[in-house]
1. Does D496 satisfy the condition of being buried (at least 21 other Cβ atoms within 10 Å of the Cβ) and in the same structural domain as R387 (by TED's automatic domain parsing)?
2. G488: in the same structural domain as V328 (by TED's automatic domain parsing), surrounded by fewer than 21 Cβ atoms within 10 Å (Cβ to Cβ) and at pLDDT 90 or above, yes or no?
3. Here are L230, L249: which of them is touching a residue at least 24 places away in the same chain (Cβ under 8 Å) and in the same structural domain as M210 (by TED's automatic domain parsing)?
4. Return yes or no: is Q304 at pLDDT 85 or above, under 30 Å from E227 (Cα atoms) and not assigned by TED's automatic domain parsing to the domain that holds Y389?
5. Condition test on L174, is it at pLDDT below 90 and among the hydrophobic types (A, V, I, L, M, F, W, C)?
6. May I ask you to say which residue of A598, A526, A563 is modelled with pLDDT of 85 or more and either closer than 28 Å to E246 by Cα or assigned to a helix (DSSP H, G or I) (or both)?
7. For the range 74-100, what are the residues that are β-branched (V, I, T) and either over 51 Å from the mean Cα position of the chain (by Cα) or surrounded by fewer than 14 Cβ atoms within 10 Å (Cβ to Cβ) (or both)?
8. Find the residue count for the range 77-98, including only residues that are at pLDDT below 85 and closer than 28 Å to K40 by Cβ.
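The values are calculated or read from the model by the stated rules, or taken from the named source; none is laboratory data. Nothing here was measured: the structure is a model prediction, and the numbers come from that model. Note that we place each Cβ from the backbone using ideal geometry, even for glycine, and neighbour counts take in every protein chain shown.
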Amino acid sequence: MIRLENLSKSFPDGDLFNNVNIFLKRGMRAGLVGPNGSGKTTLLRMMLGKETPDSGNVQVEKAITIGYLAQDIVTGSDRSILEEVLAAYPEVHELEGKILTLSEAISRDHENMDLVNQLGDAQDRFEALGGWTLEEKAKKILSGLGFSDDKFVEPMEVFSGGWRMRVALASILLQEPDILFLDEPTNHLDLEATIWLESFLATWKGGMVMISHDREFLDRSVNHILEIDLKKVTIFMGNYTRYTEEKALRIEQHRNAYRNQQNQIKDTKRFIERFRSKNTKATQVQSRVKMLDKMEKIEPPTEQNHAMSLRLPQPSRLPQNVAYCRNVTKQYGDVEVFNNMDMEVGRGQKIGLVGHNGAGKSTLLKMLAGVESVTSGAVRIGSNVNRAYYAQHQLEILDPNDTVFESIQKANPGWSEIEMRTYLGRFMFSGDEVEKYVKVLSGGEKARVALARILVDPSHLLLLDEPTNHLDMVTRNVVESALAQFSGSIVCISHDRHFLNNVTNLTCEVGGGGIRMFEGNYEYYAWKKQEENSAESTAHKIKSEPKGKSDYIKRKKVRNRLAWIEKRFKLIETELNNQKTISEDPKNVGDYELIQKAMEAMTILETEYLGLMEEQERILNNN
């Protein structure tokens, strides 16, 4: 459908990518990944014809339909959100009016065959466009994206920017274009809407190019990965997990190939230097000199800086009870969110809040932060406990005309320049980077500045609302690692299940006017809910939570072992092929010792492979 030929793009501060040659076929659902600033949105906009490459061209198949969700905030209108979504089919709306007008005219003039024929044509066209089911489909999509039925008739303009983005997404999905272009579609979705969207996209028959930093979401909704890295664009088959495995294997193979070639070059140069002056070796020396000249050099492996780390200021020792809610009732007018709700946050607990849209997750977080009052009851914070609240709008309150340095200086004017730079270094801002203006920062860099501002004073309790929004994969890993090692307590909301699984140790389900605690991360919570909801689980109900968790941990270990065995199979197969190549290479026919080593290595690898096959079979038969 879309072909990129010799595409290149650069900005004043350097090249984004060079000589891109990619062909996107029908049915390919590609996740576009890469570090912040690598050019993902630029490449996507080039495919759409909204940006021009410096060289090369983009060929788009004629007559294909395109749906595009940008990151820009959608403007409001006085139409209801249902009308706004249905406006994607203006012809259907016109036909609906035409059918009504013709029907009324025929009721007054029964024998007018011209009107009857016009009505028949209009109804046929209406049916061909799916007019009879269009409204139901629109409602189903809006419901999946988190809108309750009573919201369908409310005007678009009363909703916030994030909710308007959901309406725009619903409109695009309803159109069922040949290819979807989505730029961070989950940034404005909660967890339930994210899960619904990934399920919707997993069965999408058309093409798709999507920018997303949510690993779980990518794993479930794409079948290819487009990677922008080191100014190159590479396509991988499979989901995100398959891509990371294949890339790790490619990096290892490249590293080995580079190392082997360097050893070969070193040995060849040593031979040349040793025998350069001997006439009897002149032919061999010249042969090796020519070989070096003609050799296609392998580029040295260039890998990302894995030493990059984020160090959060650690608090002093926490009290046993960091915060608690007692008999909390919260109402907004006639709407009751909580009714006599009790909750405790203990020392070292890292709690993920989950629940359907409107259940009260953000309200609970705001009450713990002290920015939202309770209707009755009490929210208490432990003695001498410092709390920090990271809200979704945190990035919006940064002054765009401040430098990174000035933004932190305003939060703590008493620090010296050395103290300020040392602190910013913890958040991966060093050297001249601290002088960059907020307005030119990427979304991920702004998120780090916002996080640094609220953590100027070491906090015992972090209250985080979608802290990984706008962060690329690498930075998400860094933030996850920092929060996992944080010695204080955390209560957080996130639609990123990978984040919840790696950071939290408790899950709090919010809904029905109260909460329910689960003794594990999101993966455990999802497993527990599935067990509770299954008919089989009802027949063999687990009597106690500890036993259920023990069973879960046992099953998780089994799954991890099976996954490791599959990865090991691939590595063994690769190494077997390497050793086989060595043993069958005509160049090595006289090197008995090398061939013998290759054969011995193959025997060891084959023995391990057979052993793992037997273990895999035993595990599968016992489960």
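1. On the way: buried (at least 21 other Cβ atoms within 10 Å of the Cβ): yes; in the same structural domain as R387 (by TED's automatic domain parsing): yes.
Yes.
2. no
3. Working: L249 fails: in the same structural domain as M210 (by TED's automatic domain parsing).
Within the list L230, L249, the selection yields L230.
4. Numbers: at pLDDT 85 or above: no; under 30 Å from E227 (Cα atoms): yes; not assigned by TED's automatic domain parsing to the domain that holds Y389: yes.
Here the answer is no, as Q304 does not meet what is asked.
5. On the way: at pLDDT below 90: no; among the hydrophobic types (A, V, I, L, M, F, W, C): yes.
Against the criterion (at pLDDT below 90 and among the hydrophobic types (A, V, I, L, M, F, W, C)), L174 does not qualify.
6. Working: A598 fails: modelled with pLDDT of 85 or more; A563 fails: modelled with pLDDT of 85 or more.
When all the criteria are applied, what remains is A526.
7. Quick first cut of the range 74-100, residues β-branched (V, I, T) only: 74-75, 81, 85, 92, 99.
Correct list: T75 only.
8. Qualifying residue count, the range 77-98: 0.
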